[in-house]
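The values are calculated or read from the model by the stated rules, or taken from the named source; none is laboratory data. Being a predicted model, the structure only gives us computed values, none of them experimental. We place every Cβ from the backbone using ideal geometry, glycine too, and count neighbours over all the protein chains shown. In case anyone asks, the SASA skips ligands and DNA or RNA and just uses the protein heavy atoms, side chains included. Shrake-Rupley method; radii C 1.70, N 1.55, O 1.52, S 1.80 Å.
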Amino acid sequence: MHIDSARLYRSIDDLGRIGAYTDADSGLQGVNRLALTAADGEGRRHVVARMHALGLTVTVDAIGNVYGRRPGRNDALAPVMIGSHIDSVPTAGRFDGCLGVLGGLEVIATLNDRNLATERPLVVAFFTDEEGCRFGTDMLGSAVATGRLPLEEAWSLTDLGGKRVRDELDAIGFLGDAPVLVAPPHAYLECHVEQGPILAAKGLQIGVLSGVQAISWHELTIRGTSAHAGTTPMELRRDAGVAAARINLHLREMIASGRFGEMRATMGCIQPHPGLVNIVPGRVIATVDLRNPDDAAMGDSEAGIIGFYDRVAAEEHVGITWRQTARTPSVAFDPDVRARVAAAADALGLSHAPIISGAGHDAQEFARICPVGMVFVPGEFDGISHNPRELSTPEACANGVDVLLRVALGLAE
Ligand code: GLV
Ligand code: MN
Ligand code: MN
């Protein structure tokens, strides 16, 4: 049994038109469905309509997570859940998260086409603000659903404009009334684009996820003194921009030292104030994103960079305050589900290998409450992602969802 590749890809294109924009750098069409914006609301309504059309019973919980349920022959059994997200970074392609959700719906459509029932119920879910770009913390909805983050705490997070999660859920009509804590599914599955170059470089069709690496995010506020660029002697400056630059370069030096394993680090946001050519920046808002497959090395790197914040503050005569906006440990996925993913790829004649995820995923939240498995498919152009160039071919997407279908069926019987 195979899924309908053309129908799957059409559904990815259809959702990708919601929140579409023309990227100024590349001229390509990108996607901007930042969490809980009007475009996210429109995307959500589109997917909910599709769930209804497939006969699913839809519930929305109080953090805006959406669950579409197909009953099982034995409907009292815990369901097999297929999930991911449809919110996007503001400069996204069509695939990140969407493949997992629309792939789940394609699994349902394939079973509906054949009038096939499963012993366990099947649930297709999408979770609120997986990306974390707007409210500062990633996997927000799935973290609440699985009990890591209390609902009140999630509701009270604000974006840079001071808008609260709860109000923004309400504004787009997705402040649901279902309880947020999800009953542990029998298993949770997610199909996702790799978002990296490894599968394509090795000529592999499927990645069998071994787990996800640790993630640590800091938001820094650096306060110096704003002053005239032409008249202020260098030795009298308290330049918040220089302090931010030194932190960014120090991250590179930490990686080059080889002392922190496979550490990755990114200062993705650097906002100087007032941000003008002839003014010493008096304030900078900056972010630090650390990743590491090894928890101990992650801890060491966090201690290292936090110590450096103090050193730069003293040497540059600036004030640095920071807060932890996201922190998740490395997660290992269930060996049985991994074996099922590999076996499904073998049965379909697809080449595969184990791979660890560099990106965060809703699956890692579910790994705390049930067995989890993930399927990766390769992307074009070195697997570029969080970018309008993100692209996985119809064949790659169909391969991943064929694997998803087989694994879901096996678990649901
Ligand atoms: C989610 O896309 C992440 O930043 O890993
Ligand atoms: Mn994603
Ligand atoms: Mn993403």
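Brief remarks follow.
- Only a single criterion out of (1) of a type in the set (A, V, I, L, M); (2) part of a loop (DSSP other than H, G, I, E, B); (3) in contact with an Asp or Glu (Cβ under 8 Å, 6 or more places away or on another chain) is not satisfied by Ala109, namely (2).
- Residue within segment 118-131 that is away from ligand 3 (no atom under 11 Å from the Cβ), closer than 23 Å to Leu28 by Cα and out of contact with any Pro (no Cβ under 8 Å at 6 or more places or on another chain) present: no
- Remark: pairs (first residue in segment 170-191, assigned to a loop (DSSP other than H, G, I, E, B) and among the acidic types (Asp, Glu); second residue open to solvent by less than 60 Å² (accessible area, probe 1.4 Å) and modelled with pLDDT of 95 or more; Cβ separation under 9 Å; 6+ apart in sequence or on different chains) = Asp177/Val60; Asp177/Asp61; Asp177/Ala62.
- Any hit, segment 342-349, residues being under 27 Å from Asp138 (Cα atoms) and either hydroxyl-bearing (Ser, Thr, Tyr) or away from ligand 2 (no atom under 16 Å from the Cβ) (or both): no
- Among residues of segment 345-374, those that are open to solvent by 10 Å² or more (accessible area, probe 1.4 Å) and closer than 25 Å to Met1 by Cα, counted: 10
- Ile198 vs. criteria open to solvent by less than 70 Å² (accessible area, probe 1.4 Å) and either away from ligand 3 (no atom under 15 Å from the Cβ) or among the aliphatic types (A, V, I, L, M) (or both): no
- Test: residue in segment 337-345 that is within 16 Å of ligand 1 (Cβ to nearest atom) and under 22 Å from Ser210 (Cβ atoms): no
- Of the set (1) away from ligand 3 (no atom under 16 Å from the Cβ); (2) acidic (Asp, Glu); (3) in the same structural domain as Gly147 (by TED's automatic domain parsing), all apply to Asp362 but (1).
- Boolean, Pro329 is in contact with a Ser or Thr (Cβ under 7 Å, 6 or more places away or on another chain) and either surrounded by fewer than 22 Cβ atoms within 10 Å (Cβ to Cβ) or not hydroxyl-bearing (Ser, Thr, Tyr) (or both): no
- Within segment 278-299, tally of residues that are in contact with a His (Cβ under 9 Å, 6 or more places away or on another chain) and acidic (Asp, Glu): 1
- Those residues of segment 142-169 which are more than 13 Å from Ala367 (Cα to Cα), open to solvent by less than 80 Å² (accessible area, probe 1.4 Å), outside any helix (DSSP H, G or I) and not aliphatic (A, V, I, L, M), in sequence order: Pro150, Ser156, Thr158, Asp159, Gly161, Gly162
- Conditions (1) within 16 Å of ligand 3 (Cβ to nearest atom); (2) open to solvent by 10 Å² or more (accessible area, probe 1.4 Å): number failed by Gly103: (2)
- Residue pairs meeting the criteria (Cβ under 9 Å; at least 6 apart or on separate chains; first at negative phi and not assigned by TED's automatic domain parsing to the domain that holds Val107, in segment 117-138; second acidic (Asp, Glu) and part of a strand (DSSP E or B)): none
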